[in-house]
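J.: One structure, pasted below without further comment.
The values are calculated or read from the model by the stated rules, or taken from the named source; none is laboratory data. This one's a predicted model, so the numbers in the text were calculated from it and none came from an experiment. A quick note on method: Cβ atoms are made from the backbone with ideal geometry, for glycine too, and the neighbour counts reach across all protein chains shown. Just so you know, the surface numbers come from the protein's heavy atoms only, side chains and all, with ligands and any DNA or RNA stripped out. Shrake-Rupley method; radii C 1.70, N 1.55, O 1.52, S 1.80 Å.
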Amino acid sequence: VQPDLESYRAVLLAWRRAVVTEGRGRGQVTPHAAVRAQRILERLVRLSTGSTSMTSLQAVPATTSSSSSSSTRNTKRQKNGRRVPSPRTDVRPELLPDADCFDMVLQTWSRCAGLVRHAPQKAEAVLTLMERLYESQSTVAPPDVALTVKPRTTSFNAVLATWSRSKAPQATERAWDLLQFMELLEDDHVAPDNASYCTVMGALSRASHVHPVESAQQTEALLKRVEERYREQSQATISVEVDGDDHQKNKATPKSMIIPDTILYNTAMGCWAKTNQSGAYRKARSILDRQLRLSKDLKRNIPQVLAAGGTALREYQPDVFGYTSVIASCAAECGSPQERSKAFNVAFSTLKQMETSGIAPNHVTYGNMLKAVARL
């Protein structure tokens, strides 16, 4: 009995979930899981395409003949003065790995990013292999078959996550470049979503201890880009006439739009709170104000958010972490006495607005407020 694609997919899933079961690293991801998963994936590529090299994939038709004689299989042909074996005839096209197989390997590398030094480079190599396989299959396979191996948003997001969790000095820059590449590629299969932007903003936030002001500026610039995309998409959802009588609102749903959520806003405000730069509280407060305007706009223009219940709306409203970040940025103000007085007023009004909105302050919120009282 030969294993089929589902068998290989089950093994890939097992390696993606593999953890250490004993010893000091109990419960942590198995360091060699990604290596084993990638070997299985490369075996699938070799079996389904007949290629012996991952850098030069052969385009193999969907059906291959298995009745060739042994003399034909052993034939040698000349190429550039070298003896090259003829193409394999024991190809199994039904084992062509799909995007799910590639995503599982990419996600495994992402989990190993903190343990394996070259995990981001390995993940990018898998993504490159995926692109080459799609290009080779698109010339011979039916369109529906070729599209099953086309890189998609989740594939790129896994590579973004690998770079984001990496400790490499170029990790933030590489994640930023990959996000821009996704924006250039944007189509039905690849388009940056909230997870893409959140991953890159998280990488910028973790790098804020090295270049705090630059990281905060880049994070806010990225947030503004998401806000601009939301405005463009919301303006495109206009009323259309149906059957010449009724008018139906052709509103986009949250799943089909990019809507900056609470995590994105919290990350941007948190970055400014870490800068300890005079005037940072203004930046943090302006971000909070933009989020408040967004939540009002969602209530007015996208009723599908409300239709899903209060939980869906809370994904886009300010929470305790956002308000606390603004208060923390006020408490860190180190400018002139007039500037510190303004910062205290902002901190106090933010706390009052927080309580009025029904959001309960926590111990961190009160701690930062007391710090503002003592310093400002």
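J.: Do you know which residues across the range 155-187 are small (Gly, Ala, Ser) and surrounded by 22 or more Cβ atoms within 10 Å (Cβ to Cβ)? Reasoning before the result, please.
T.: We begin by selecting, within the range 155-187, every residue small (Gly, Ala, Ser); these are 155, 158, 161, 164, 166, 168, 171, 175.
Scanning the range 155-187 gives SER155, ALA158, ALA161, SER164, SER166, ALA175.
J.: Evaluate the following for PRO192: is it open to solvent by less than 10 Å² (accessible area, probe 1.4 Å), part of a loop (DSSP other than H, G, I, E, B) and at pLDDT below 95? Let's see the steps before the verdict.
T.: Details: open to solvent by less than 10 Å² (accessible area, probe 1.4 Å): yes; part of a loop (DSSP other than H, G, I, E, B): yes; at pLDDT below 95: yes.
Spelling it out, PRO192 is indeed open to solvent by less than 10 Å² (accessible area, probe 1.4 Å), part of a loop (DSSP other than H, G, I, E, B) and at pLDDT below 95.
J.: Residue by residue through the range 27-52, note down the ones that are open to solvent by 40 Å² or more (accessible area, probe 1.4 Å) and either of a type outside the set (D, E, K, R) or at pLDDT below 90 (or both).
T.: Step one: filter the range 27-52 for residues open to solvent by 40 Å² or more (accessible area, probe 1.4 Å), giving 27-28, 31-32, 35-36, 39, 42-43, 46, 52.
Within the range 27-52, GLY27, GLN28, PRO31, HIS32, VAL35, THR52 qualify.
J.: I would also like to ask the following. Examine the range 135-154 for a residue that is open to solvent by 60 Å² or more (accessible area, probe 1.4 Å) and under 16 Å from the mean Cα position of the chain (by Cα), and state whether such a residue exists.
T.: Yes, the range 135-154 has at least one match.
J.: Tell me the residue from LEU351, LEU370 that is in a helix (DSSP H, G or I), open to solvent by 70 Å² or more (accessible area, probe 1.4 Å), on the phi < 0 side of the Ramachandran plot and not charged (D, E, K, R), please.
T.: Working: LEU351 fails: open to solvent by 70 Å² or more (accessible area, probe 1.4 Å).
Only one candidate qualifies: LEU370.
J.: Same structure again: May I ask you to verify whether TRP109 is touching a residue at least 60 places away in the same chain (Cβ under 8 Å), assigned to a helix (DSSP H, G or I) and not polar (S, T, N, Q)?
T.: Details: touching a residue at least 60 places away in the same chain (Cβ under 8 Å): yes; assigned to a helix (DSSP H, G or I): yes; not polar (S, T, N, Q): yes.
The answer is yes for TRP109.
J.: Next up: Condition first: surrounded by fewer than 16 Cβ atoms within 10 Å (Cβ to Cβ) and part of a loop (DSSP other than H, G, I, E, B). Now tell me which residues in the range 320-348 satisfy that.
T.: CYS334, GLY335, SER336
J.: Now, a different point. Out of LEU222, LEU292, which single residue is modelled with pLDDT of 90 or more and either in contact with a strand residue (DSSP E or B) (Cβ under 9 Å, 6 or more places away or on another chain) or open to solvent by less than 10 Å² (accessible area, probe 1.4 Å) (or both)?
T.: Working: LEU292 fails: either in contact with a strand residue (DSSP E or B) (Cβ under 9 Å, 6 or more places away or on another chain) or open to solvent by less than 10 Å² (accessible area, probe 1.4 Å) (or both).
Sole residue among the options that is modelled with pLDDT of 90 or more and either in contact with a strand residue (DSSP E or B) (Cβ under 9 Å, 6 or more places away or on another chain) or open to solvent by less than 10 Å² (accessible area, probe 1.4 Å) (or both): LEU222.
J.: Do any residues in the range 114-127 that are touching a residue at least 24 places away in the same chain (Cβ under 8 Å) have Cβ atoms under 7 Å from those of residues that are open to solvent by 40 Å² or more (accessible area, probe 1.4 Å) and part of a loop (DSSP other than H, G, I, E, B), where the two are at least six apart or on different chains, and which pairs are they?
T.: LEU115/PRO31; VAL116/PRO31
J.: Go through (1) in contact with a Pro (Cβ under 8 Å, 6 or more places away or on another chain); (2) touching a residue at least 40 places away in the same chain (Cβ under 8 Å); (3) of a type outside the set (A, V, I, L, M) one by one and return the number of the condition GLU355 breaks.
T.: (2)
J.: Mind counting the residues in the range 354-367 that are open to solvent by less than 60 Å² (accessible area, probe 1.4 Å) and part of a helix (DSSP H, G or I)? Spell out how you get there, then give the answer.
T.: Initially, the range 354-367 is screened for residues open to solvent by less than 60 Å² (accessible area, probe 1.4 Å), giving 354, 359, 361-362, 365, 367.
This time we only want the ones that are part of a helix (DSSP H, G or I), so: 354, 365, 367.
Adding up the residues that qualify gives 3.
J.: A further question follows. Pick from the range 1-26 the residues that are open to solvent by 60 Å² or more (accessible area, probe 1.4 Å), modelled with pLDDT of 80 or more and not in a helix (DSSP H, G or I): which of them is farthest from GLU94 (Cα to Cα)?
T.: For the range 1-26, the residue satisfying everything is ARG17.
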